[in-house]
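Report on the following structure.
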Amino acid sequence: MVKIDNVPDARPHYGLTQADLVIETLVEGYLTRLLAIYHSQDATTIGGVRSARLADRSLTAMVRGALVYSGTSDHAWSLIRQDSASGRYVELSADHSAGYYRVPFRPAPYNLFTTAAAQRDVLKTRRLDNVGEIPRWTFLAAADHPAQVAGMSGATAAAEIAIPYREDTSAVTYRYDEMTRTYARWQNSTGKPMREVDAASNTAIAAAKIRG
């Protein structure tokens, strides 16, 4: 589970299209951070890696994950350290763990990158790569199900979903594409929506499912 920065200076992102799940969390200043979870696929380039937040303690434990990040507050670190020591999850901060590198095409602190293979190597070296059964997160199997199923009796089909974070840098819109049955992601930069593209593969980011 890799913490990825989401301010304009940290975009475009690298490696998001290969994540099984991406969780967006609100942080200070109505900005957001991304938590990319890699399970069925491994990205060869992931970035830029940034600091952890208190919410990551619960999210990482939910999937028995390894938290890949770069630093945090003193308060959060004291709790993350306790979590890791008690076996709730593994923490792999760049402050004291290997597998990270700096790229030359971005200024710090937006230039810290990693790879899934490098982090798995760290886990293997520390003999922490066998986590056993991973809890299942259930989703509707059919891509063309009616909007009213699964407890959504009053729901209507949504062709567009808007999340009003900060209008200048963070507002997010998902637009449904009937051809691919995915949601294209757009995010504001300098107040204008920009189509999100994974720079590692030059692939437009399209979510198969969105949960709020």
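The values are calculated or read from the model by the stated rules, or taken from the named source; none is laboratory data. This is a predicted model, so every value here is computed, not measured. Positions of Cβ are generated from backbone atoms using ideal geometry, with glycine treated the same way; all protein chains shown enter the neighbour counts. To get the accessible areas, we keep the full protein, side chains included, count just its heavy atoms, and leave off ligands, DNA and RNA. Shrake-Rupley method; radii C 1.70, N 1.55, O 1.52, S 1.80 Å.
List of remarks:
- Length available on full extension from Arg102 to Lys192: 0.36 nm per residue minus the Cα-Cα distance, which gives 29.5 nm.
- Beta bridges from DSSP with both residues in region 1-89: antiparallel share about 90 percent, rounded to the nearest 5.
- Residues of type aspartates and glutamates that Lys192 reaches as a straight line, Cα spacing below 17 Å, ignoring anything fewer than 8 places off in the same chain: Asp9, Glu160, Glu167, Asp168
- Per residue, the chain exposes 57 Å² of solvent-accessible protein surface, assessed with a 1.4 angstrom probe and all protein chains in place.
- Accessible surface of the chain, 1.4 Å probe, proportion on carbon and sulfur as whole %: 53
- Longest exposed-site-free window of the chain, the sites being GluC sites (Glu not before Pro) in a DSSP loop that have at most 16 other C-beta atoms within 10 Å: 1-132
- Given R0 = 25 Å, the distance between the Cβ atoms of Ser73 and Ile161 translates into a calculated FRET efficiency of 0.20.
- Sequence-distant contacts, meaning Cα pairs under 8 Å at least 6 residues apart, place the relative contact order of region 158-212 at 26 percent.
- Multiplying the residue separation of Ser201 and Asp121 by 0.36 nm and subtracting their alpha-carbon distance yields 26.5 nm.
- Each Cα pair under 8 Å and six or more residues apart adds its separation to the average, and for the chain the resulting relative contact order is 19 percent.
- Computed lengthening from Ser86 to Gln41, 0.36 nm per intervening residue step minus Cα-Cα distance: 13.4 nm
- Accessible area per residue (1.4 Å probe, heavy atoms of protein chains only) ranks Met1, Met62, Met179 as Met179, Met62, Met1, with the largest value leading.
- Summary: within the chain, the longest segment free of chymotrypsin sites (Phe, Trp or Tyr not before Pro) located in DSSP loops with at most 13 other C-beta atoms within 10 Å is 1-104.
- In this structure Leu16 has an accessible area near 20 Å², from a 1.4 Å probe over the protein heavy atoms.
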